[in-house]
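Heads up: the structure comes next, in structure tokens.
The values are calculated or read from the model by the stated rules, or taken from the named source; none is laboratory data. Predicted model only: the values in this text are computed from it and were never measured. So basically every Cβ, Gly included, is an ideal-geometry build from the backbone, and we count neighbours across all protein chains shown. Areas reflect the complete protein model, heavy atoms only, side chains present, ligands, DNA and RNA absent. Shrake-Rupley method; radii C 1.70, N 1.55, O 1.52, S 1.80 Å.
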Amino acid sequence: MKPTIRTPYFEIGTKNYIYGDKVLEYALAADKAAEKYDIDVLFICPAVEIRRVAENTKHLIVLAPYMDTLRPGRGMADTLPEGLKAAGAQGVVINHCEKPMSLPQMKATIDRSRELDFLVFACADTLDEAKAIAQLHPDIITPDPSGIIGGGHGVSPMAYVRESIRVIKAIDPNIMVHPAACITNVHFFFLFFF
């Protein structure tokens, strides 16, 4: 069954900054915090680390950073959705700025995700792209311009966050909006989510 996310929640994406034992170390720390504070934590880690993270934690919602749409059978060097699920993934990230996808690819990935009860966390580089993705009905959209991700500055953050929420919710009020690149300090985060 697809996980239900309680708000507020946290998202940790390790990307490829860490790997191996370090990923597990971060996951264990996040798992302890999730239990201590009774909060949901989405943990996005490299596909090769999913099984170890899922088997050693109890409170994380583990997401794969990408998946292909093939089915069991022929195929080599592809990321099989069923393989991710068997490893313990509960969802997938699509269209990250470091792994962009076309709208048809996103639709196909969302459709395959639904077959497996996967949570879909979609990234959008612009508000127009967020609107287009919202029509595909993922569970979460993070409308973060790639130019400001990790830059420590935002483009009128509160106005951008409000507009993001407005345009996405106008299409599908059930989509969770996850602004992250505009978050420049913890105070802003708590103002927005509480």
In the range 62-174, what percent of the accessible surface is made up of carbon and sulfur (1.4 Å probe, ligands and nucleic acids excluded)? 55
May I ask you to derive the relative contact order of the chain, considering only C-alpha pairs under 8 Å and at least 6 residues apart, and to give it as an integer percent? 15
Can you give the extra length, in nm with one decimal, that the chain gains between residue 7 and residue 22 once fully stretched, where that is 0.36 nm per residue apart less the Cα-Cα distance? 2.7 nm
Extension gain from residue 51 to residue 38, taking 0.36 nm per residue of separation minus the Cα-Cα distance: 2.4 nm
How high is the relative contact order of the range 45-118, in percent, counting Cα pairs under 8 Å that sit 6 or more residues apart? 31
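Provide the per residue accessible area, probe 1.4 Å, for the range 1-126, rounded to a whole number of square angstrom.
Details: 6870 Å² over 126 residues.
For the range 1-126, the solvent-accessible area averages 55 Å² per residue.
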So who's got an amide H within less than 5 Å of the one on residue 176, skipping anything under 5 residues away but keeping other chains? H placed 1.01 Å off N, in plane. 140, 141
Of 66, 17, which has the most accessible area with a 1.4 Å probe, and how do the rest follow in descending order? 17, 66
Net charge dipole size for the chain [Lys, Arg +1 and Asp, Glu -1 on Cβ; Debye, nearest 20]: 160
Rg over Rh, two decimals, the chain (C-alpha only, Kirkwood Rh): 0.95
Mind ranking 67-73, 118-124 by how tightly packed they are, going by the mean number of other C-beta atoms within 10 angstrom, highest first? 118-124, 67-73
Per the helix-only model, the chain has a calculated mean residue ellipticity at 222 nm (DSSP H runs of ≥4, -39500 (n - 2.57) each, divided over all residues, rounded to the nearest 500) of -11500 deg cm²/dmol
So which DSSP H runs in the chain come out at 20 Å plus along the axis (Cα) with average Kyte-Doolittle of at least -0.5? 21-37, 157-171
